[in-house]
1. Be a star and scan the range 25-39 for residues whose amide nitrogen sits under 16 Å from the point 7 Å along the Cα-to-Cβ vector of N54.
2. What ranking do 112-125, 56-69 get when scored by the average of other Cβ atoms within 10 Å per residue, highest first?
3. Grab the DSSP H runs of the chain that are 4 residues or longer, score each as -39,500 (n - 2.57), total them, divide by all residues and round the 222 nm result to the nearest 500 deg cm²/dmol.
4. Accessible area of the chain with a 1.4 Å probe: how many percent of it is carbon plus sulfur?
5. Taking R0 as 30 Å, what's the FRET efficiency between A146 and E183 from their Cβ-Cβ distance, rounded to 0.05?
6. Could you state the accessible area per residue of the range 81-193 in Å², with a 1.4 Å probe and every protein chain left in place?
7. State whether the range 1-145 is rounded, prolate or oblate according to the following rule on the C-alpha gyration tensor (a ≥ b ≥ c being the square roots of its eigenvalues): a/c under 1.5 gives rounded; otherwise a/b larger than b/c gives prolate, and the remaining case gives oblate.
8. What does the extension gain come out to for A73 and A172, with contour length at 0.36 nm per residue minus their alpha carbon separation?
Amino acid sequence: MDADAVETSNLNRQPLFGEADVGARKAAVAAARLRALRPDARIEPLDERFAAANAAALVRGVDVVIDGSDDFATKFLANDVAVAARKPLVHGGILRTTAQLLTVVPGPAGCLRCLFEDPPPPDAMPSNADAGVLGALAGFAGALMAAEALRLLAGERGAYVGRLLTFEARTARARLVMIRRREGCPACRTPAPVA
Ligand SMILES: [Zn+2]
């Protein structure tokens, strides 16, 4: 799901796209590339933004939510909707030379909002467009997120459930921080919807 067009500045870290795709819709190009790799896969590209109006319905229809969005408002929305729908969420993010992963599932482990409470104010954190990002880090984080999603789909416990992984690429240092459910977290105290 993506509501953007391919830009030249994406090409260092978004390997589904090439120079010839600049200006084309990302969802359609990505679907075509994935179909070329795996013709029998069923792929439903969505050329729309994940937003408050469609988030709950979209999350209800999937087994695992994978968040590769590039802004905090979308990341917190994905967290809140996944927690409320009791669907597993694989969260990932990159900025400059750091990647971050966390998996949120129903249970005692914490969610993104248990950890950070609220998104930072719009000007507090630079975006990838402003701060830059090590291109190879996107593929690295994406591969870890894909492996995590496959574990969850196979019925295994995720490796990053309640464990925030940060990987700093300049020093090759990885850190795992335990995230417990926080009393009073506004996302986690939302009652589960009636199925
Ligand atoms: Zn929470």
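The values are calculated or read from the model by the stated rules, or taken from the named source; none is laboratory data. These numbers come from a predicted model, not from an experiment. Cβ: placed from backbone, ideal geometry, glycine included. Neighbour counts: every protein chain shown. These accessible areas exclude ligands, DNA and RNA; they are computed on the full protein's heavy atoms, side chains included. Shrake-Rupley method; radii C 1.70, N 1.55, O 1.52, S 1.80 Å.
1. 25-31
2. Averaged packing, sorted descending, gives the order 56-69, 112-125.
3. Details: 6 runs with 60 residues, N = 195.
Roughly -9000 deg cm²/dmol at 222 nm, from the helical runs in the chain.
4. Numbers: 6290 of 11310 Å².
On the chain, the fraction of accessible area on carbon and sulfur atoms equals 56 percent.
5. For R0 = 30 Å, the calculated efficiency reads 0.35.
6. On the way: 6130 Å² over 113 residues.
Result: 54 Å² per residue.
7. Values: a/c = 1.75, a/b = 1.23, b/c = 1.42.
Here the range 1-145 falls in the oblate category.
8. Using 0.36 nm per residue and subtracting the Cα-Cα distance, I get 32.8 nm.
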